[in-house]
């Protein structure tokens with residue numbers, strides 16, 4: 001239990017070193033990873049049930065060869081794809097937001113460096129180092145979150161494509 005408190009204190013200290021912008025990056029990161037995990041949970045437990053429902057809906061039809069049946073098939077595929085990609089635009093937006101927040105942290109950190117230089121001159125290395133640290137940590141954090149997010153976003157997009165093609169193959173139109 002003590003190690004959890006130590007870990008949380010270290011995390012708080014790290015975030016305070018990066019300035020207020022790092023808190024915004026942390027909140028953005030939590031939202032991003034929550035949505036990514038939700039999509040993986042969806043594909044693991046919810047999608048198979050929905051897929052069975054869509055297949056049952058199609059297979060119970062007596063007419064699977066008319067133009068009207070083709071429209072219904074396309075509607076089922078479209079609904080499935082829309083359901084699978086539900087939070088993907090938000091995930092991609094959060095991924096794009098992280099480096100921008102990191103850049104904002106860089107700018108605010110450099111403002112602190114210039115402020116320290118204007119108040120105490122260039123002789124106060126400690127004040128300048130604090131500002132440089134505040135400038136680089138948010139940039140690094142934003143980039144790391146975005147890189148990880150891009151990987152999982154691509155995995156989700158690939159899964160959507162695979163499942164869409166698989167469902168299309170299962171909904172036999174003849």
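Quick look at the numbers
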{"quantity": "Ellipticity estimate at 222 nm from DSSP helix runs (n ≥ 4, -39,500 (n - 2.57)) divided over the chain, nearest 500", "calculated": "-30500 deg cm²/dmol"}
{"quantity": "Cα gyration tensor shape for the stretch 1-59, rounded if a/c is under 1.5, else prolate or oblate", "calculated": "oblate"}
{"quantity": "Helix 20-41 axis, angle to the chain major axis (alpha carbon atoms, nearest 10°)", "calculated": "20"}
{"quantity": "Among 58, 33, 45: highest mean-square fluctuation, GNM of the chain, C-alpha pairs under 10 Å", "calculated": "45"}
{"quantity": "Taking the stretch 40-140 and dividing mean pair separation by its residue count, relative contact order in percent (alpha carbons under 8 Å, at least six apart)", "calculated": "24"}
{"quantity": "With Cα atoms, 0 to 90° folded angle of helix 88-120 axis to the chain main axis", "calculated": "10"}
{"quantity": "Separation between Cα centres of the stretch 140-174 and the stretch 20-65, rounded to whole Å", "calculated": "11"}
{"quantity": "Principal-axis tilt of helix 125-170 within the chain, Cα atoms, nearest 10 degrees", "calculated": "0"}
{"quantity": "The chain, relative contact order in percent, only Cα pairs under 8 angstrom and at least six apart counted", "calculated": "35"}
{"quantity": "Computed over the stretch 87-174: relative contact order in percent, which uses C-alpha pairs under 8 Å that are six or more apart", "calculated": "37"}
{"quantity": "Reported label for calculated P(r) over Cα pairs in 5 Å bins from 0, in percent given [x] 2, 8, 13, 12, 11, 10, 9, 8, 6, 5, 5, 4, 3, 2, 1, 1, 0; [y] 2, 9, 16, 22, 23, 16, 8, 3, 1, 0; [z] 1, 8, 15, 18, 17, 14, 10, 7, 5, 2, 1, 0, 0, 0", "calculated": "[x]"}
{"quantity": "For the chain, built as a Gaussian network whose Cα springs stay under 10 Å, the top-fluctuating residue of 106, 136, 60", "calculated": "60"}
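Coordinate-derived values only; no laboratory data. Just so you know, these numbers come straight off a predicted model, no measurement behind them.
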